[in-house]
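Let me begin by presenting the structure, written as structure tokens, before commenting on it.
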Amino acid sequence: MKPILLQGHERSITQIKYNREGDLLFSVAKDTVANVWYSVNGERLGTYNGHTGAVWCVDCDWDTKNVLTGSADNSCRLWDCETGKQLALLNTSSAVRTCGFDFSGNIIMFSTDKQMGYQCFLNYFDLRDPQQIEDNQPYLSIPCSDNKITSAVWGPLGEFVIAGHENGEFNQFSAKSGEILKKAKEHTKQINDIQTSVDLTMFISASKDNTAKLFDCATMDHIKTFKTERPVNSAAISPIMDHVVMGGGQEAMEVTTTSTRIGKFFHAAYEEEFGRVKGHFGPINCVAFHPDGKSYSSGGEDGYTRIHHFDPQYFDFELEA
């Protein structure tokens, strides 16, 4: 399994995201640039230039028309995927931590950080209404005064957003009314990442408490737990196998020795680790499966993104229960 190394960032990668077909891979980092790559050969297609601070999050809509990025420069920006042109600029009073398109591609959500006297908000905009964008007025803005949102994803059918907070709890925020539909608290520390399964029935959370957990999106029932020795920065669910991949390592400021970090593979049903992939220097900040399940990518603190195509043996692998 020889990885393809993508060199397009000068600072650590914050998020990577495939489009729905999986032919493109988007990467954002702390160096203000958003890149898009061909996932098949690692060739860079282009960049989305305009942010003036670290870019924390990226998302792409279902037909790969638009790209959404959120940054520490207190803005969320909408881009034309093909041309790289900036279509909309939404200014905020604090850094934008998470962002995402709902399945229709019509509604976007993003959350802002609690900093400099401003509290954390979850904002919903309808892109079909140019007035909302022009006036920078979301049709729904939900304050989260207690614990800021550290990761968020859309649930099925665009009905709600599942948000993970710095104290380890989850909330489902309705996209219609803004009320909290369901809650769950299974983690003891901050949620670093949330990713849904391909059919949006489940999500996996990665937490600072050294675990990743699998939940039901609709009921918020806790299904499985995957334990490791280190904080988990990111976790993803395979679209074709009962597998999850996790990436982690200490935070940059807590690292005293240098070593290569490992991507770990767990069996989703048996909660057993069955494989490790070495490569990144320093922690892995984000992982993502290709939508066809035949490859996965990881983005590291070292500023590199690696695309790993699985060997044929991987698909025949059976865990001895």
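Look at the stretch 59-73: where a residue is farther than 17 Å from residue 103 by Cα and a partner is basic (Lys, Arg), sitting 6+ places away or on another chain with Cβ atoms under 9 Å, you get 70/77; 70/97; 71/77; 72/30; 72/97.
Take the residues in the stretch 102-141 that are touching a Ser or Thr at 6+ places or on another chain (Cβ under 6 Å) and within 24 Å of residue 62 (Cα to Cα), then tell me which one is surrounded by the most Cβ atoms within 10 Å (Cβ to Cβ). The selected residue is 111. Among residues that are in a loop (DSSP other than H, G, I, E, B) and β-branched (Val, Ile, Thr), residue 83 is included. Residue 95 meets each of the listed conditions (1) modelled with pLDDT under 95; (2) open to solvent by less than 30 Å² (accessible area, probe 1.4 Å); (3) farther than 24 Å from residue 235 by Cβ apart from (3). Residue 88 fulfils the conditions (1) of a type in the set (Gly, Ala, Ser); (2) within 14 Å of residue 125 (Cα to Cα); (3) exposed (fewer than 15 other Cβ atoms within 10 Å of the Cβ) except for a single criterion, (3). Looking for something within 18 Å of the chain's Cα centre (by Cα), at pLDDT 85 or above and either closer than 18 Å to residue 28 by Cα or buried (at least 17 other Cβ atoms within 10 Å of the Cβ) (or both) - is there at least one such residue anywhere in the stretch 268-283? Yes: the stretch 268-283 contains one or more residues that are within 18 Å of the chain's Cα centre (by Cα), at pLDDT 85 or above and either closer than 18 Å to residue 28 by Cα or buried (at least 17 other Cβ atoms within 10 Å of the Cβ) (or both). When residue 64 is tested against the conditions (1) under 18 Å from the mean Cα position of the chain (by Cα); (2) hydroxyl-bearing (Ser, Thr, Tyr); (3) within 25 Å of residue 166 (Cα to Cα), the lone failure is (3). Scanning the stretch 168-194 for residues that are assigned to a loop (DSSP other than H, G, I, E, B), open to solvent by less than 40 Å² (accessible area, probe 1.4 Å) and either over 26 Å from residue 289 (Cβ atoms) or aromatic (Phe, Trp, Tyr) (or both) yields a count of 1. Scan the stretch 221-243 for residues that are open to solvent by less than 10 Å² (accessible area, probe 1.4 Å) and either within 19 Å of residue 282 (Cα to Cα) or among the aliphatic types (A, V, I, L, M) (or both) and the total you get is 4.
Of 292, 311, all but one fail to be over 15 Å from residue 25 (Cβ atoms), surrounded by fewer than 20 Cβ atoms within 10 Å (Cβ to Cβ) and at pLDDT 90 or above; the exception is 311. For residue 28, state whether it is touching a residue at least 24 places away in the same chain (Cβ under 8 Å), farther than 28 Å from residue 311 by Cα and not in a loop (DSSP other than H, G, I, E, B). No; evaluated as a whole, the condition is false for this residue. Checked across the stretch 19-26, the condition of being more than 30 Å from residue 277 (Cα to Cα) and either of a type in the set (Asp, Glu) or modelled with pLDDT of 95 or more (or both) holds for no residue. As for the stretch 80-101, it holds no residue that is within 29 Å of residue 216 (Cβ to Cβ), acidic (Asp, Glu) and out of contact with any helix residue (DSSP H, G or I) (no Cβ under 6 Å at 6 or more places or on another chain). From 67, 40, which residue is assigned to a strand (DSSP E or B), closer than 21 Å to residue 289 by Cβ and not acidic (Asp, Glu)? Every option except 67 fails the conditions. Total residues in the stretch 195-233 satisfying the condition of being within 23 Å of residue 276 (Cβ to Cβ) and part of a strand (DSSP E or B): the figure is 15.
Return a yes/no flag: does the stretch 122-145 have any residue that is within 19 Å of residue 191 (Cα to Cα) and among the charged types (D, E, K, R). Scanning the stretch 122-145 turns up no residue that is within 19 Å of residue 191 (Cα to Cα) and among the charged types (D, E, K, R). When 151, 145 are checked against the criterion of being open to solvent by 60 Å² or more (accessible area, probe 1.4 Å) and under 30 Å from residue 212 (Cα atoms), a single residue qualifies: 145. In summary, residue 18 fulfils each of the numbered conditions (1) open to solvent by 10 Å² or more (accessible area, probe 1.4 Å); (2) touching a His at 6+ places or on another chain (Cβ under 9 Å); (3) in contact (Cβ under 8 Å) with a residue 60 or more places away in the chain; (4) farther than 25 Å from residue 282 by Cα with the single exception of condition (4).
The values are calculated or read from the model by the stated rules, or taken from the named source; none is laboratory data. Predicted model only: the values in this text are computed from it and were never measured. Don't worry about glycine lacking a Cβ; one is built from the backbone with ideal geometry, like all the others, and counts go over all protein chains shown. Please note that ligands, DNA and RNA were not included when accessible areas were found on the heavy atoms of the full protein model with its side chains. Shrake-Rupley method; radii C 1.70, N 1.55, O 1.52, S 1.80 Å.
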